[in-house]
Amino acid sequence: MKKQQLQKYEAQAKVLKALAHPTRLLILDELSRKEHCVHELTGMIGADMSTVSKHLSILKNAGIVGIDKRGTNVFYTLKIPCAVNFLVCTRDVMKARVKEQMKIING
């Protein structure tokens, strides 16, 4: 594999790793509807502000979310809306697996 090709796959893996957590998927889903501050997300997730901030930082570093500072508040937005397609795709994979399992069970 060429070095440039490997770098491309490594960059893609970084994005996938950022999404590979239930809390971050929930954040992605919520941000697909509207922007939120950490305080709002903390209430939705049921975790402390430090934990939510860490998840947001991972998503920000992967380039998935952006920030908008307004006074003392920081609002998070979905920077790459097509990331929501990933959620849809994973649901489709899950549905296909269930159908395959049902075929096996039902003979």
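Every number here is computed from the coordinates shown, using simple stated rules; none is lab data. None of these values were measured; they are calculated from a predicted model. Glycine gets a Cβ as well: all are built from the backbone with ideal geometry, and neighbour counts include every protein chain shown.
At-a-glance table
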{"read-out": "Helix-derived mean residue ellipticity, 222 nm - over the chain, DSSP H n ≥ 4, -39500 (n - 2.57), to 500", "value": "-22000 deg cm²/dmol"}
{"read-out": "On Cα atoms only, tilt of 49-61 relative to the major axis of the chain in degrees", "value": "70"}
{"read-out": "Degrees between helix 3-19 axis and first principal axis of the chain (Cα, 0 to 90, nearest 10)", "value": "80"}
{"read-out": "Spread of Cα-to-Cα distances over 5 Å intervals beginning at zero, given as percent, for the chain", "value": "2, 11, 19, 19, 14, 11, 9, 7, 4, 2, 0, 0, 0"}
{"read-out": "Listed pairs LYS60/LYS95; LYS54/LYS79; LYS2/LYS60; LYS2/LYS79; LYS14/LYS54; LYS14/LYS34 exceeding 19 Å between Cα atoms", "value": "LYS60/LYS95; LYS2/LYS60; LYS2/LYS79; LYS14/LYS34"}
{"read-out": "Packing-based ranking, highest mean first, of 69-81, 13-25, 53-65, 87-99 given that Cβ atoms within 10 Å are counted", "value": "53-65, 13-25, 69-81, 87-99"}
{"read-out": "Positive-end residue of SER32, LEU16, THR77, charge dipole of the chain with Cβ unit charges", "value": "LEU16"}
{"read-out": "Mean separation of Cα contacts under 8 Å (6+ apart) over length of region 3-106, as relative contact order %", "value": "26"}
{"read-out": "Helix 83-106 axis, angle to the chain major axis (alpha carbon atoms, nearest 10°)", "value": "30"}
